[in-house]
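This report refers to the structure that appears directly beneath it.
The values are calculated or read from the model by the stated rules, or taken from the named source; none is laboratory data. Predicted, not measured: the structure shown is a model, and the values here were computed from it. Neighbour counts are summed over all protein chains in view; Cβ atoms, including those assigned to glycine, are modelled from backbone coordinates with ideal geometry. Ligands, DNA and RNA are excluded from the accessible area calculation, which covers all protein heavy atoms including side chains. Shrake-Rupley method; radii C 1.70, N 1.55, O 1.52, S 1.80 Å.
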Amino acid sequence: MSDTIAAVATPPGRGAIAIVRASGPAARFIANRVFSSRRKLRERVATTGHVLDASGARIDQGLALLFLAPRSVTGEDVLELHVHGSPAVSREVLTSVLAAGARLAGPGEFTRRAFLAGKMDLSAAEAVADLIEAEHRSAARAAAARLSGGLAKTVERLRSQLSAVLEELAASIDFPDEVPSPDPPTLEQRLHAVMQELDALARSREHGRLVREGVGVALVGAPNAGKSSLLNALLGSERALVSELAGTTRDTLEETLSLGDVVARVIDTAGIRHVSDGASVVEPPSHALLEAAGIARARAALEQARIALVVVDASVPLSRDADAIIAETRGRERVLFYNKADLGRIAYDARAESERDACLGSVFCDEDVADVKERLRSIAVGSETIDVARPMLAAGWQLDAVLEGRRGVSRALDTLRAGAPVDLTSGDLTTAFQALGMLSGRDASEALLDSIFSRFCIGK
Amino acid sequence: MSRNSDAAVIVVGGGHAGVEAALAAARMGCETLVITGDPDRICTLPCNPSIGGSAKGQLVREIDALGGEMGRLIDRTELHVRFLNESKGPSVRALRAQADKAGYARAALDVLLAEPRVHIASGFVERIIVEHGDVRAVACADGRVFRAPSVVLATGTFLGGRIYRGEFSESAGRLGEAPALGLADDLRGHGFPTARLKTGTPPRVDRKSLDFSVMSAQEPSPVPLPFSYRSVPCFPGPQLPCYIVQTSEATHKLVRDNLHRSPLYGLDLIRGIGPRYCPSIEDKVVKFAHNPTHLVFVEPEGWETDSTYVGGFSTSLPADVQLEMLRTLPGFEAVQMLRPGYAVEYDHVPPTELWPSFETRRVAGLFFCGQLNGTSGYEEAAAQGIVAGINAARRVQGREPVLFARSESYIGVLIDDLVTKGVDEPYRMLTSRAEHRVLLRHDNADLRLSPLGHAIGLLPDEDFEDFVGRRERLESALARARTARLGDAAPNGLPAWMTVAAALRRPEVAHTDVAQTLGAEEPLAERVAIEIKLEGYVQRQRDAVDHASRNEKTLLPDDLRYNEISALSREARDKLTRYRPRSLGAASRIPGMSPADVAVLSVIVHRKGGARHSEPAPA
């Protein structure tokens, strides 16, 4: 029985196109789950459509290619999804593929499967083996380096707390005459404390990602609401530092904006490029065109971003476009900015109950612009400040390990809270212990017994 | 049997390993010769007078489910039995019984004598005769030679055995019994490495000299609790309490003041490694100096003897010091010591010399089991004995060896730990060694192993039919539990429409609460309850086993030259060459193997023209 593995197959960073590849028996099933197209997927035929997330919402437009066993690079069923080459998009697509039943491929795993399927020259075997080893060792080195600071200490501390519980359980089971059984309420407290720390670690992954990749902000609004002015004002003196990443997406422009400790990637629907005719038009298109396409574009931008930055003209009554865009962003993380306060506030004053989160101001007022920035930052990071020196999870697999550890501890807590016998927690706690061991690169099994014998005087 | 053989299987040694090996081989149809130094000392319990305990009790159940004898022997001779860990969960519940030592040994001899294909010879085996890599015969010290195609060595602590007490030391397998010195040299001559291990036993005292009124009693179970699925539940004789007392500073001071007379400490005579889970009182006092007291267990050794075992008090201090130390214990003021404790050091062969069938890698047809393999404990010995006996017989019959998976039995865990990791102290089975222990329970040993025991001709037809009936009753009761509603008999205010199964999933509902609705008798109702209560945990564990099974089924060719695989780390090359794991799964459990090494190995194996995949044990 083989499982299905998945990974981003293109090099990390920004390219025009990213390929997310899944290989294994579930590839076809995953294709049906994450890819919607008008035409049915056929073997070896590129099909256009949309990649969907776990809830069925569209992540991106793209191509899907299906290769059926044995006619594929790994000899298994293989699904390739070609999507826009932004890290955010490929990450979302991979997440969706994983949610549909694949697991993250280990180092060299595609290569290894390819070899096992006889898709590679036999004489390459040693080379493959070397490759696997090199990949593993460098991954391990990288992991060790990342873990060298506070994270390693935190993980080791949590592990030793779990280990202490497991030791006490094991000792009381194997030497019942000599070692008393741990008392369930105390166990529960100790495990609860571990779980809270794991939660904090899992959240730190979000911080780590924010620091590294930034937060996506979709700048949306009806024509002439002042989107470009706001963007320029936000960028202000940093303009020189901003890199224009043309070509990262086909219909939007990304600008990078510093929010202090994190970076926002502003997806600007104001500067829409028309690639159909080959010429770049940076000016907003005509009103008529926007009526047709404005909402759709805003929606596309919103799908790629976490935060919506909505600009509304406060000085005139709400237009249909503005109303639609406000409705579209209701209930999600957003900054709703009623612009042109220097000209009037009709729309602001007439806003609905559900738009109480709005702020009023003008792009020409530095304080108002700073306020927008602060709002963006506090949505992105929350009230805490990001302490870069604090342990942070740097990679997805680290988060996986923390979440697996958390799952184990949480199940053990369920067992205890249900009043079931204490030994039934050992399996889940062992899983958690091992998951954290993966994080710190330590093997657990032998250490546990050693520790038991050094802590308890047992035996008759 | 061919004219050139004296038996199909020869078993050297008559302890717990030897007896299970001999009975298994004989019951599977092989004429079996047991050679032992003293046929009157078959299956003695030379150390503690008990069978079972945490994890060990499960081993006894598994031996019984396969068709072995240990469970029935203790059921016929127990003078105190109870469940351990009852409150900690069904997965770790285990039986432990105190035995009438003399009765146990007598019962074992009776069973051996009653087995038509078992023959017993008295003698000291000194040499193994090997031709072209195959075992041919064994030669005794007196020159007699016995020939057989399969030979099982179960020599216990007798290989190079030496006992120590204070300044006194002598060459012996057990106190007063000659060791096997020649055999140890002979094995080394065949290329087997050996290493020293150490164990010990406490003093025995006269029950009549003790004042039990000041000790705290451990009462036995009021109802019979048989180890064997095949025993009728009844007490074989009066049930006796055990007692617990505690050491005091006076005891510890005596130990400290006399450490210079300890062969372990001051005299520094013993080099072998002792078991950490069974430390001597010297070790306890020295290594756990901060503990103000240690527990001492006072256990009767039989119905017809006054000899009493002083558990937790294993020592090799001189006899006069032992007596003084005993006198410091509450109720021991007038103690009469019948026999002082001592330490024994002996040779074992690293079990990494063995295939998982317990056949040696160096000599075909030669099997090792028991303490010879570096284990300790009667149950561990018996478990290895039955496996060695089965596979010795299968070899004679020209069949593939029977293998045991970690996920199916404690026996499988024991074998895998021994042959893939080796031992660095006497190996004792512990529940914490079994990662799948929620599957390896006291209650379900028959479901796990009786079909195998019967398929290989070990478990008799009538016992198997009983098992099949039991399994059918369990399955139909389980089906009933899932559909039957509680109705009027609903306990603890549970709704009448609730199914029995749903009720049982609640921790506070016991099998006794629903036994009536279920229409099941006591042992059956309890098994149903365990199956249902553990369902979720069992399923999670099975998923984990399935996930790992691919590596377990990928066999590594015997002729793989690990030293020539440059992509493997040096450590992996060395360890693989030394341990020669049978499967990729076993390789991955060798300490020091990295995931990269395992991946490399998997690539190499598949290059070798397709990996072989093991089949389940042939029926």
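Points to keep in mind about this one:
- Rounded FRET efficiency, nearest 0.05, which uses the C-beta distance separating A:Val316 from A:Gln61 and R0 of 35 Å: 0.55
- Put a dot 7 Å past the Cα of B:Val145, heading toward its Cβ, do the same for B:Ala496, and the two dots end up 8.4 nm apart.
- For segment A:5-105, with +1 on Lys and Arg beta carbons and -1 on Asp and Glu, the positive-most of A:Leu63, A:Ala6, A:Ala22 along the dipole: A:Leu63
- Here the convex hull built on the C-alpha positions of segment B:209-307 has a volume of 181 cubic angstrom per residue.
- Cβ-Cβ FRET estimate between A:Glu353 and A:Ser36, R0 fixed at 45 Å, reported to 0.05: 0.80
- Spin-label model, A:Thr48/A:Leu68: points 7 Å from Cα along the beta carbon direction are separated by 2.6 nm.
- Accessible area per residue for chain B is 37 Å², calculated with a 1.4 Å probe on protein heavy atoms, without ligands, DNA or RNA.
- Estimated vicinal HN-Hα couplings, Hz - segment B:515-529 in sequence order (Karplus 6.51, -1.76, 1.60; Gly, Pro = x): 4, 5, 4, 6, x, 10, 6, 3, x, 5, 4, 5, 5, 4, 4
- When you restrict to C-alpha pairs under 8 Å that are six or more residues apart and normalise by the size of segment B:429-531, the relative contact order lands at 20 percent.
- Charge tally around A:Arg42: other residues with Cβ under 15 Å, Lys/Arg +1 each, Asp/Glu -1 each, net +3.
- For the listed residue pairs B:Lys284/B:Lys533; B:Lys208/B:Lys253; B:Lys284/B:Lys553, the alpha carbons are over 32 angstrom apart in B:Lys284/B:Lys533; B:Lys284/B:Lys553.
- Global form of segment B:232-372, assessed from the alpha-carbon gyration tensor, a/c cut-off 1.5: oblate
- Computed over all pairs of different Cα atoms, the Kirkwood value for the hydrodynamic radius of segment A:5-105 is 13.0 Å.
- Summary of packing: across the peptides B:246-256, A:298-308, the per-residue average of other C-beta atoms within 10 Å ranks them, highest first, as A:298-308, B:246-256.
- Computed with a 1.4 angstrom probe on protein heavy atoms, the B-A interface buries about 4300 square angstrom of accessible area in total.
- Where labels lie 7 Å past Cα in the beta-carbon direction, separation of B:Arg578 and B:Ser566 in nm: 2.5 nm
- Residues whose placed amide H lies under 5 Å from that of B:Val152, excluding near-sequence neighbours: B:Ile10, B:Val11, B:Val12, B:Phe367
- Measuring nothing but how far apart in sequence close Cα pairs (under 8 Å, 6+ apart) lie, relative to its length, chain B scores a relative contact order of 17 percent.
- DSSP beta bridges fully contained in segment A:5-105 are about 90 percent antiparallel.
- Within segment B:105-202, trypsin sites (Lys or Arg not before Pro) in DSSP loop having at most 15 other beta-carbon neighbours inside 10 Å: B:Arg144
- When Rg and Dmax are taken over the Cα atoms of chain B, they come to 25.2, 78 Å.
- Phi-based couplings in Hz for segment B:149-166 (Karplus 6.51, -1.76, 1.60; Gly and Pro marked x): x, 10, 10, 10, 9, 9, 8, x, 8, 7, 5, x, x, 8, 9, 9, 8, x
- Of all lysines in the structure, those lying under 18 Å Cα to Cα from B:Lys575, and not within fewer than 8 positions of it along the same chain, are B:Lys421.
- Prolate/oblate/rounded label for segment B:461-550 (Cα gyration tensor, a/c 1.5): oblate
- Relative contact order %, segment A:5-105, counting alpha carbon pairs below 8 Å whose residues are six or more apart: 37 percent
- Sites B:Gln516 and B:Gln539, calculated FRET efficiency, Cβ-Cβ separation with R0 41 Å, nearest 0.05: 0.90
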